[in-house]
Amino acid sequence: MKNEEFVDDVLRRVGRNVVLFQQLEQLLKIIVANGKLAGFASELKTLKEAQENKVNKQTMGTLVGQYVENSNPESDKQSTEPEEKNEIYFSFSFRVECDYDYYKSKNEALAQLVTERNDLIHHLLPRFDMKSPQNCKSLSKELDEQSDKIRLEINHLKAMTKSLIDGRKIMATYLQSEEARKDLELSFLKQSRLILMLGDIATQISREDGWALISSAGQLIKEHAPEEFAQMKKKHGYSSLKKLIEASEIFDIYEEVTPKSGTRILYKLKADY
């Protein structure tokens, strides 16, 4: 085998590994860019585009750090959901649940590949003796071993990407369904100021048996939140507090006969609230 053939053999392996590293990096970008998204419905498209643009400019080392840290079982996952919501708030998160040993080993394996990738791109030439067949053989063996490690991580990331894409498809199908529309409307209603006030009032002015008069709650809401009460029909589609309370599904309603044979309507929070 001529010396030029040994050199060509190394160069083919270098090219192969560069492509494999690019595949690995592309998969990391897909997962990091699409693995988490949160915001109000009106801003989701803009947020997603900004997130993709940011990820596309990041180095492989940064991508690995974000990907691995999302699986850290010891990280503090605090909610960023705002307390005040005037429209539907959407939150999607994809992560791999694992123990600390797996997280640590995955972190070390990917960090090592980042180092090897940087070495391949920036520092291979000084140690590549094109006049030495032995050096070429040694590098070829090293590059083959490296390719095996890259392929292993690529296959793992391909499985993660498939799970992520499948999950987003399921979510998209659900969000386009009538069930989702009802669920989102119900969720928005439960978090509305009127329902939150009704919950507070139910605990503050309830009788010993736990029931509170809807009429009394109505008077308090008219006094402290007149605009919310006036816009109840327009904002939520219900013309009375009773219908609003029933629609929220978090209260029990009870019609009670008065001593004078009349009726009054009471409500209270359900046991699981």
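Surface calculation, 1.4 Å probe, protein heavy atoms: residue 42 sits at approximately 90 Å² accessible. For the chain, the longest principal axis of the alpha carbon atoms and the long axis of helix 60-69 meet at an angle near 40°. Taking all protein chains together and rolling a 1.4 Å probe, residue 98 ends up with roughly 30 Å² accessible.
A 1.4 Å probe over all protein chains sorts 265, 170, 165 by accessible area into 170, 165, 265, starting with the largest. Distances between placed amide hydrogens fall under 5 Å for residue 90 paired with 39, 40, 41, all partners being 5 or more residues away or on another chain. Accessible area per residue (1.4 Å probe, heavy atoms of protein chains only) ranks 257, 19, 68 as 257, 19, 68, with the largest value leading.
Residue 144 sits among other residues whose Cβ lies under 14 Å from its own Cβ, and their net charge, with Lys and Arg +1 and Asp and Glu -1, is +2.
Ignoring ligands, DNA and RNA, what percent of the accessible area of the chain is carbon or sulfur (1.4 Å)?
The C+S portion of the solvent-accessible surface of the chain is 51 percent.
Helix 100-122 axis versus longest C-alpha principal axis of the chain: approximately 50°, rounded to the nearest ten. Ordered from highest to lowest accessible area with the whole protein assembly present and a 1.4 Å probe, 205, 195 read as 205, 195. Heavy-atom accessible area for residue 96, with the other protein chains in place and a 1.4 Å probe, reaches approximately 30 Å².
Based on DSSP H segments of at least four residues, each scored -39500 (n - 2.57), the chain has a per-residue ellipticity at 222 nm of -21000 deg cm²/dmol. The residues of the chain expose, per residue, 63 Å² of accessible area to a 1.4 Å probe. The angle between the Cα long axis of helix 178-190 and the main principal axis of the chain comes to about 60°, on a 0 to 90 degree scale. Matching the structure-derived semi-axes √(5λ) of the Cα gyration tensor in Å against the labelled list (i) 50, 22, 16; (ii) 53, 22, 17; (iii) 64, 17, 14 gives the label (iii).
The values are calculated or read from the model by the stated rules, or taken from the named source; none is laboratory data. Bear in mind that the values here come from a model prediction, so they are computed numbers and not experimental data. Using ideal geometry, Cβ is built from the backbone for each residue, glycine included, and neighbour counts are taken over all protein chains shown. For the accessible areas, the whole protein counts, side chains as well, though only heavy atoms, and no ligand, DNA or RNA atoms are used. Shrake-Rupley method; radii C 1.70, N 1.55, O 1.52, S 1.80 Å.
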